[in-house]
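A quick write-up on the structure given underneath.
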Amino acid sequence: MTITPRRLVCGMLLLLAAARPVSAQGAADHTIEPLPTLLGVREQFDERVRWLEQRHAALLPMMRRHGVGMWIVMNEEFHNDPLTEHVAPPLTYVSRRDMHVFTDGGEAGLLRHSNYWRPTDTYARFFEMLPAPRSDRGTSDLRLGLRELVTRTQPRTIALAIGGARGQDGGLSKDSYDLIVDAIGPEFASRIVPAADLVEEYLDTRLPDERAHYEALVTVTDLLAQRLLSNEVITPGRTTAADVAWWFNDQVARLGVGATQWFEVHTAVQRFDPVAGRMIPYVHPAPDDYVFQPGDVVHLDCGFNYMGLASDWQKVAYILRPGEETVPAGLEVALQNAIRTREALRTVARPGMTGYETAQATVQALDGVDFMPSIYSHPIGTHGHGVGPQVNARGAILAAPPERDSKLRLGSYRSIELSATTRIPEWNDGTLTIPFEDDAELTANGYVWFRPPQERWYLIRSTSVQP
């Protein structure tokens, strides 16, 4: 979808002052581009409703592929189900319990019912009320409505978020489970099955219309990361780890488009102590009161939610010591080793490979290298830690195949997350770990980036600190 000029231009006034970190060679500064256009909250809602129509249109074939006759998603007040905003309009659900039920109606197609008692016109396009009498306030008996629905439709299986490995496919509370079992009775309770496979396909299947908006999200994440890893934000000898984390959080809040953090932004620090002749302990994550110093290798891990999508991003910077114009040669080798690891993971993957097969192929592609690669890549999209095949080979060691694995999907999004650990001759052979994380989309020929990845050191100059 084309993002038109009438939409909210995020950052055009707020963030016009671009940072100017030095290049990896210490030559001419480069300018960080302005932030892209993002949508206002009402336009986001309208767009996500269009996405929901497409998702519901694809749901019945998914249910049939996984042998699901009925799928129940339960949302509890103060215990939101991570599926709710992706199976129903992205509203704020505050009833004690809001149930969304999808049933294979045979020739009637997909049946969609809910007990939500304040249906807007938009909501009513997607769901009928559960078949139970409603009070003058619009409320109904959830148990009675569900019992009547299963009696009418006689589903062969009833899928719930139980038995899965993550919150998306295993987060149903015991109280809600007991309520469902009590409502449908012993005969139908015997037909309850885990919804994990259905949940994974539903959440891991990307829509073409999402792509432009996800690219905008990733671009904003990258530009904020570049600004953070520069002298605009970090003054060596003064700036703390808490300062940079709050700076990023504040920038996301100031976007003004309802964007939120999905995890705590943090930094990590590695540094060689030339006096002691050894590396300081790897500070990961850096404590809030850590003050960045010349010689620090700063690792940033950041990301946020926008339009029901999540970014995840890791980059590195070096704080130049006084008199340095670029990184020590060993650090450049370390960066190239991390790039090599990233490219191996990016290029070996193909649709249809399992997570284990992808990890195996990545390790084989790096066989014989003189550094230590580590792979820990995960799906991303609707959630920062998405459901789908995990690709894990930490320390280039392949464990036994997982008990439950699944296959990479064409068009799915992934966090290409890894690190490479290299010995640095200038640092008495101390080891330096370079982590990278970039978001990418799977094509028939491997992953393609949403945003060009880091291929040079971000450099921060040492400056005199005035009291």
Roughly how far apart, in whole Å, are the Cα centres of region 194-266 and region 52-109? 27 Å
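Quick one: dipole size for region 402-459, taken about the Cα centre, charges +1 on Lys/Arg Cβ and -1 on Asp/Glu Cβ, in debye to the nearest 20. Write out the running numbers ahead of the final one.
Numbers: 7 positive and 10 negative charges, 43 e Å.
It works out to roughly 200 debye.
Where nothing but the Cβ of Lys and Arg (+1) and of Asp and Glu (-1) is charged, how large is the charge dipole of region 42-194 around its Cα centre, in debye to the nearest 20? Each step should come with its number before you reach the end.
Numbers: 20 positive and 21 negative charges, 49 e Å.
So the dipole magnitude of region 42-194 works out to roughly 240 debye.
Report the net charge of residues surrounding LEU60, where surrounding means a beta-carbon distance below 13 angstrom and charges are Lys +1, Arg +1, Asp -1, Glu -1. Mind dumping the intermediate values first?
Working: positive: ARG55, ARG64, ARG65, ARG112; negative: ASP104, GLU107, GLU201.
Within the 13 Å Cβ shell, the charges total +1.
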10 Å binning of all Cα-Cα separations within region 304-375, expressed as whole percents from 0 upward: 15, 32, 31, 17, 4, 0
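Where does the charge balance sit around SER377 when Lys and Arg score +1, Asp and Glu -1, over other residues with C-beta under 12 Å from its C-beta?
-1
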Rounded, prolate or oblate: which fits region 42-194, taking a ≥ b ≥ c as square roots of the Cα gyration tensor eigenvalues, rounded meaning a/c under 1.5, else prolate when a/b beats b/c? rounded
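Out of region 294-363, which GluC sites (Glu not before Pro) are coil in DSSP terms and have no more than 14 other C-beta atoms within 10 Å?
Values: sites: GLU324, GLU325, GLU332, GLU343, GLU357; in loops: GLU324, GLU325.
Counting only loop positions with at most 14 other Cβ atoms within 10 Å, the GluC sites (Glu not before Pro) in region 294-363 are GLU325.
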Peptide ranges 246-255, 188-197, 394-403 listed from the most packed, as the mean C-beta count within 10 angstrom indicates: 188-197, 246-255, 394-403
Where Lys and Arg each count +1 and Asp and Glu each count -1, what net charge lies around ASN445 among other residues with Cβ under 14 Å from its Cβ? 0
Between region 448-462 and region 314-330, how far is it from one alpha carbon centroid to the other, in angstrom? 13 Å
Under a point spin-label approximation (7 Å from Cα along Cα-to-Cβ), what is the ALA444-ALA165 distance to one decimal in nm? 2.9 nm
Is the C-alpha gyration tensor of region 208-460 telling us rounded, prolate or oblate? Criteria: a/c under 1.5 is rounded; beyond that, a/b larger than b/c is prolate, otherwise oblate. oblate
Using every alpha carbon pair in region 128-197, what percent of pairs falls into each 10 Å bin from 0 up to the bin containing the largest distance? 19, 45, 30, 6, 0
Tell me the label-point distance for the pair GLU53, GLN293, using the 7 Å Cα-to-Cβ offset, in nm and rounded to one decimal. 6.0 nm
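Where a ≥ b ≥ c are the square roots of the eigenvalues of the C-alpha gyration tensor, would you call region 224-373 rounded, which needs a/c under 1.5, or, failing that, prolate if a/b is larger than b/c, or oblate? The partial results should precede the final answer.
On the way: a/c = 2.35, a/b = 1.12, b/c = 2.10.
Cα axes put region 224-373 in the oblate bin.
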If I model a spin label at SER173 and ARG340 as a point 7 Å from the Cα along the Cα→Cβ vector, what separation in nanometres do I get? 5.2 nm
In the chain, with Lys and Arg counted as +1 and Asp and Glu as -1 at Cβ, which of these residues, LEU207, ALA399, PRO236, has the Cα nearest the positive end of the dipole, that is, farthest along it? LEU207
Determine the relative contact order of region 208-460: mean sequence separation of Cα pairs under 8 Å and six or more apart, normalised by residue count, in whole percent. 21 percent
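At a threshold of 8 angstrom on Cα-Cα distance, excluding pairs fewer than six apart, so keeping six or more, what relative contact order does the chain reach in percent? Could the numbers behind the result be given before it?
Working: 960 pairs, mean separation 68.9, N = 467.
Taking the mean separation of contacting Cα pairs over the length of the chain, I get 15 percent.
Show me the three semi-axes of the equivalent ellipsoid for the chain, from the C-alpha gyration tensor (sqrt of 5 times each eigenvalue), largest first, rounded to whole Å. Provide the component values of the computation, followed by the final result.
Details: eigenvalues 422, 127, 71 Å².
Sorted largest first and rounded, they come to 46, 25, 19 Å.
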Restricting to region 149-306, compute how many DSSP beta bridges are antiparallel as a %, nearest 5. 75 percent
Take peptides 215-225, 415-425, 358-368 and line them up by average Cβ neighbours within 10 Å, highest first, as a rough protection proxy. 215-225, 415-425, 358-368
At most 13 other Cβ within 10 Å, DSSP loop - chymotrypsin sites (Phe, Trp or Tyr not before Pro), region 46-83: PHE78
Taking the Cα centre of the chain as origin and charging only Cβ (+1 Lys, Arg; -1 Asp, Glu), how large is the dipole, in debye to the nearest 20? 660 debye
Please report, in whole Å, how far the alpha carbons of region 65-121 spread along each principal axis, starting with the longest. 35, 25, 16
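Bear in mind that the values in this text are calculations on the coordinates, not laboratory data. Every value quoted in this text rests on a predicted model; they were computed, and no experiment measured them. Please note: Cβ atoms are built from the backbone with ideal geometry, for glycine as well, and neighbour counts cover all protein chains shown.
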